[in-house]
């Protein structure tokens, strides 16, 4: 069964998804500032996205819809290829460790 997220009536749907890569980084959180709340009064109504710019850093930033830019296919392909190669190297290293095991 696939996880499901329900959006309450009266809320607009988010433009971006968890795990989506953007020019600002990887979206790791989504929060809605509903109308008639203090946060909406201070910052505006709508979705706010928590983004991690670098996977090797604990630093995260928050952005509204209009502050996030999507990646083009040309920008996304090298990122995905680099991550794929990194995982392939990890798999190779684990296979070598597994092959080196002996019964004790």
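The values are calculated or read from the model by the stated rules, or taken from the named source; none is laboratory data. Everything numeric here is computed off the predicted structure, so don't read it as measured data. When we count neighbours, we look across all protein chains shown, and the Cβ atoms used for this are built from the backbone with ideal geometry, even at glycine.
Give me the residue from the range 35-54 that is over 16 Å from residue 69 (Cβ atoms) and in a loop (DSSP other than H, G, I, E, B) and, out of that set, farthest from the chain's Cα centre (by Cα). Among those that are over 16 Å from residue 69 (Cβ atoms) and in a loop (DSSP other than H, G, I, E, B), it is 36. Selection of first residues in the range 78-104 that are under 20 Å from residue 21 (Cα atoms) and of second residues that are at pLDDT 95 or above and in a loop (DSSP other than H, G, I, E, B), restricted to Cβ pairs under 9 Å at least 6 apart or on distinct chains, gives the following pairs, ordered by first then second residue: 79/71. For the range 37-82, filtering for residues that are assigned by the TED database to the domain that holds residue 7, surrounded by 13 or more Cβ atoms within 10 Å (Cβ to Cβ) and over 22 Å from residue 13 (Cα atoms) leaves 2.
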